[in-house]
Structures are given as C-alpha cells and as structure tokens.
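The values are calculated or read from the model by the stated rules, or taken from the named source; none is laboratory data. Bear in mind that the values here come from a model prediction, so they are computed numbers and not experimental data. Note: ideal-geometry Cβ built from the backbone for every residue, glycine included; neighbour counts use all protein chains shown. Ligands, DNA and RNA are stripped out before the accessible areas are found, and what is left, the full protein with its side chains, is counted by its heavy atoms. Shrake-Rupley method; radii C 1.70, N 1.55, O 1.52, S 1.80 Å.
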Amino acid sequence: MKWRKASSTPTSTLTWISWFCSLPGHEYFCEVSEDFIEDDFNLTGLNIMVPFWKEAMEMVLDVEPDEDTSKIPDVSIVEASAELLYGLVHQRYILTRAGLQSMVDKYESAAFGVCPRVYCVGCNVVPCGRSDLPGIDTVKLYCPNCNDIYGPPSSRFQGVDGAFFGTTFAHLFFQSYRELAPAPYWKPSSSAESSLSAGRSPDSVHSSSRRSGFVNPNPHGGQKRPEGHVYEPRVYGFKVSERAKSGPRMQWLRLRPQSPLELDTVDWRGRWIDEEEYDGIDEDEEEGDRQMEYFDPVRVFYKTFRSRK
Amino acid sequence: MLGRAVDDASTGSDSDYSNSWISWFLSSKGNEYFCEVEEDYILDRFNLTGLNNEVSNYAQALDLITDNLDDDIQDELRGALDVQARLLYGLIHARWIVTARGLAKMLEKFKRVDFGRCPRVLCQSQPLLPVGLSDIPYEKSVKLYCGRCEDVYSPKSSRHGSIDGAYFGTSFPHLLFMVYPHLIPPKVGIVEPAPAPRANDADTNRRNKRIREDSEALETVGEPASTASVALKADRYRPRIYGFQLHEIAKLQRWQEAIRDRQVGRLEVLEDLS
C-alpha cells in the first residue's frame, strides 16, 4: 500500500500531525516523521488494533480520502482511530534514534515538567506508560532521580493514554543519554550544603555538577550528580524515632548509599553479603547518632539476653 | 478529553464573605490550606508569646485580625497592615494547629481532602497534609507531606506554592499521626478518609453514615496495629526496558530493600521484647 500525498493544497499548511501535537493536553507528544509512518514495517501488527485502519492512515497522513469511504457513519470515529494509530506509532517512534532525539530536545526545555518531590529539586521528568496496550492507564511521569512515577499535575493529561508513550521509552531514554541520568549513590558534599539542599535552585545545582565533573565509576551507569537528600520527619526539631508507631518506615525508598561500592554489599537475592546471620539489632552505618545506642536499655537488655542463651 | 483545569471557579467573590477578618482571610483564594483559629486562642496573650518580635505593628495587626481596629485608619497604612496581619495570623496558625483543638480542625480538612492528593502513582491518591521545612518565616514555602510514602511534595498550584511554610510548621503532620495513630495511612490499598456527607442524596448519605460509623469504631480502638513491618507491603515502581529490569537501578533497589528489611528486623525484635 502506498500513501501518496494528494496534491498538497497551499492553503492548509498545518498537517494533521502538527495540529494533533498542538492540542491542549498533547504537549508531551513529539511529531513523528511521515517517513516513519509510511514505512509499513514500522506499523507491523498495528492494523489489527486500530479500527478503520485505512481511513485513519489517510487522516494522519493528510491523504485525500477515496470517494467510496462515505460508508463510515461518523467522522469522529475515524478521528478516534487516527488518534489511536498516531499514539501507537508514537510509542514505537520515540524508541528510535530520531524519536529519542526529538524527545531529548523537549526534555531539556522541561516540556514534560519537573518532579513534584521536593528533594528531587526540580529534576526534569519524562512521560511514561504503565502498559504498552492502549486503554489501560493514562500517561504518567517518570523521575530519574527518585526512580518513581507521578500523575501529571494538570487534569488535561488525564485523557492521554499511557500506551502512546509505552513502558520502555523513559528508561531507554536515560540509557541513551547517560549524562541526564542521576547516579545511584550520593554523598553530601558538605554538612552545610546538605542541610540546605532543598533550598538550592535547580539552576545552581546543574551548573555546579557540571563544573566539578561528577563521574560515576560505572561507565554504563548514570553520570549526573543526584539529589540525594531524604526527608526526615521532626517534631519540635527532634527526629521522630523509628520506634514510634508513627515513626519513619519509608526512608529506604529514597535512600542512596554514599559510595557505589556499597551497592555490592547486597547480593542478587537482596541479602547482605557479609552478614552470616543477621540478628536484627545491629545499627546500619547510615545512622548518624551511634553513640546514643550505648545508653539504650532495650539494646543492653537484648545483648545480655542473647549472650545468656 | 480537552478538559481544562477548572479549579478556580469558586471562592474570592466580594459578596459572600462575612465581616470578620478571619473569615475573609479564610475564604480568599489561595488560603484553602488554613483552618480557622478560634478567637479565644488568639485573645489569650500567652499563646502569642514572642510574636511581637516577629511582626511589626504587632498591636494593630492583632487588632485587625480580631476586628478591633479603629475605622479611621488611613487606607495606605491599612494595606501595609494587611501584610503584617497575614504574617501574624500565619504564625498563630502554626501554633494553633499543634494544639488538641487545632489538630481536630485540621483533621476535618484532611478528611475533606482540602490539601490535595499525593502525586505519586503508587500512593493511590493518598490525601496529603501541609508541612513546613522551617519554622522561621520567609525561609521556605509550604510543602505537602504524604503519610503513605512519607515524603514531601510541592503543591501543584502556584498560589499554594507561595504560602510560607512557617504558617504550618515542621511538626504538624507528624504530631497529627502521633495523636491519631489509627489514621496512619496503610501502605497498600485505597483508603478514603470518611467523606463529608451530602444532604441532597439519601443513598450516599446512608453509605457515608456507615463509613463514618466504621471509622468512628476504628477510632475507639485503643491500641493501633503494629507498624513494624508495614514497609514490606509498600508497592514500588520498577523501571523496565522491554520487560527487563535495568542493572544499575535494580541494584540500587535491591540495596534499598535490604535497608528496609534490616529496619523491619530491628523493629520486630524490639516489638518481641516489649
């Protein structure tokens, strides 16, 4: 099948694709090149997912429809098909070199917004689907700093299918642009700076990380200096103890080790390598207030209790 | 599909506020996070100890808040005074919401989801609580604390993003969950805090009543359930390319989960001892 442009009318310079990408709520889409859509190989398998395939293709590529297509009851059905077709092609296109390139341009202009998490300090996010099949979930935003996904801030994105971006794109994107991916370890550069880290503007963070030449020893890993600060709940200035019922339980979710070597202290099954039989009471090295532990009656009691056994 | 953000329809019209400064302040746009500080609390000078050093024109600002300001004050002074009154009200608010009655008022707002919902997808729209990152005014804007992922987020709307965090303080959400431990959000599943009943619909009314009764029944339970191992239930996002996990991120996530398991072990041992 050949999708030939019917004599392009000079009055309508706006293509369907440009129009579609300019609609409110479609800011995350990039323009898929017509060459990509015209190559049938790129569309393998899509024709069984999209109703009114031929008419949808005509609409997306601005081809004048055949005379005998009047059997379609309502043009809005074709519009829905064209959107589905474009979305599914878009999911594939943004995994190609050209697609990744046009998405990185959008990323660097913060077209997808920033992470809502305070301690990610305005890290740019990318669109991400939770399923590759359409009709399951709407588009989400992936933050490379906290490796988590968020709902878009505006309700206008609630009509955008996550499958139009797919599950793979966000991660292939940061695999392809390593300099944009934050590294998995973080050391507070100085005590003064770490306590202020939430207040620094994103601009100053970017420029300082470039200046100091941050290098991850893993060449295949993220090469950007991460934002590693983790929120600590406090009441009247005192940390809420983990022993309280309402104490912190989720800090692990955002924690990074101080050095990349620490990542190797856990094996592929998720167990600590150097701890034969973990007895559950040893403090981990991340705890700052170690000396307090010696005054802990429960701990002392527990130790004597264990040694008597 | 082209649904536009229609979140700024109500509030702020000149006709519908009563004459008191506080109710005007609470009804004006962008102040949805604030709750009403009871007049008795403001009139007790003990509660305001030290605030006269924070607020210039303290006496007049206080008069404005409590509607005792002379009417013959000039308009330009009134404008400047309004800024000071907002600051004073904010600082009183930060103290008020950590009192028993203040906590109860904020709890109602929490149940009405006045502070929005967690943007994190796996928090299943958990309602949020306001929190400051500093107790000193003019340092940090207000943030939102999620009791499920225990992290802080920036408000979606810029008119909330410009509120001073010191008007809520660093302690408030943590104190709330200490005082109401049965309201600590579970790490899985969707929880709706009992929604406010609507008068026009008998069916929802009845259902809400049941929900209320359930939550009240919950509130009367003395000892809340153990939270030692709740983290194990928490869902997390795992990045994948064509279904395969990424080496470096998977490694970081294994390390984080080992940290989690270590804490769970630590807490369970403590629980067995007590």
Pairwise FRET efficiency - residue B:27 versus residue A:155, Cβ, R0 = 25 Å, nearest 0.05 | 0.55
Those residues in region B:127-162 that give up at least 40 Å² of accessible surface, probe 1.4 Å, once the partner protein chains are present instead of the chain by itself are B:133, B:140, B:150, B:151, B:152, B:153, B:156
Gap separating the Cα centres of region B:126-171 and region B:89-120, nearest whole Å | 11
Mind grabbing the interface size between A and B? I mean buried accessible area, both sides, 1.4 Å probe, in Å² to the nearest hundred.
-> 6500
Residues whose built amide H sits under 5 Å from the amide H of residue A:234, excluding neighbours closer than 5 in sequence, are A:240
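Test of understanding: express the Cα radius of gyration of region A:223-279 as a ratio to 2.2 N^0.38 Å, with N the residue count. Walk me through the numbers before you get to the answer.
Numbers: Rg = 14.9 Å, N = 57, 2.2 N^0.38 = 10.2 Å.
Compared with the compact-globule rule of thumb, region A:223-279 sits at 1.46.
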Computed FRET efficiency, Cβ-Cβ of residue B:124 and residue A:79, R0 30 Å: what is it to the nearest 0.05?
-> 0.35
If you take all C-alpha pairs in region B:21-103, what percent of them are over 21 Å apart?
-> 25
HN-Hα J in Hz across region B:100-116 - Karplus 6.51, -1.76, 1.60, θ = phi - 60°, x for Gly and Pro = 4, 6, x, 4, 5, 5, 5, 4, 4, 5, 4, 5, 7, 6, 6, 9, x
Kindly write out, for region A:22-30 in residue order, the coupling ³J(HN,Hα) from the Karplus curve 6.51 cos²θ - 1.76 cosθ + 1.60 (θ = phi - 60°), rounded to whole Hz, with x marking Gly and Pro.
-> 8, 5, x, x, 9, 5, 7, 6, 9
Expressed as a percent, the accessible surface of region B:21-103 that is carbon or sulfur, using a 1.4 Å probe and the full set of protein chains, is 46
Note, ³J(HN,Hα) from phi for region B:134-149, Karplus 6.51, -1.76, 1.60, rounded to Hz, x at Gly and Pro = 8, 9, 9, x, 6, 9, 9, 7, 5, 10, 10, 9, 9, x, 8, 8
Amide hydrogen neighbours beyond the local backbone of residue B:115, cut-off 5 Å, H modeled | B:128
Rg followed by Dmax, in Å, when region A:90-174 is reduced to its Cα trace | 12.0, 33
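Starting from 0.36 nm per residue, how many nanometres of slack lie between residue A:264 and residue A:31 once their C-alpha separation is accounted for?
On the way: separation 233, 0.36 × 233 = 83.88 nm, distance 4.20 nm.
Computed gain between residue A:264 and residue A:31 is 79.7 nm.
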Nonlocal amide H pairs with residue A:148, under 5 Å, H built at 1.01 Å | A:143
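Using a simple charge model, +1 on the beta-carbon of Lys and Arg, -1 on the beta-carbon of Asp and Glu, nothing else, what dipole does region B:21-103 show about its Cα centre, in debye to the nearest 20? Before the final figure, lay out the partial values.
Numbers: 6 positive and 15 negative charges, 96 e Å.
So the magnitude is around 460 debye.
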Do any of A:140/A:245; B:109/B:143; B:111/B:233; B:105/B:233 go past 26 Å between their Cα atoms, and which?
-> A:140/A:245; B:105/B:233
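Which three numbers, in whole Å and largest first, are the semi-axes of the equivalent ellipsoid of region B:114-183 derived from its Cα gyration tensor as √(5λ)? Each step should come with its number before you reach the end.
Numbers: eigenvalues 75, 50, 14 Å².
Semi-axis lengths for region B:114-183 are 19, 16, 8 Å.
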If unit charges are put on Cβ atoms (+1 for Lys and Arg, -1 for Asp and Glu) and the dipole of region B:21-103 is taken about its Cα centre, the option from B:91, B:61, B:77 lying farthest towards the positive end turns out to be B:91
How would A:155, A:109 line up by accessible area, probe 1.4 Å, largest first?
-> A:109, A:155
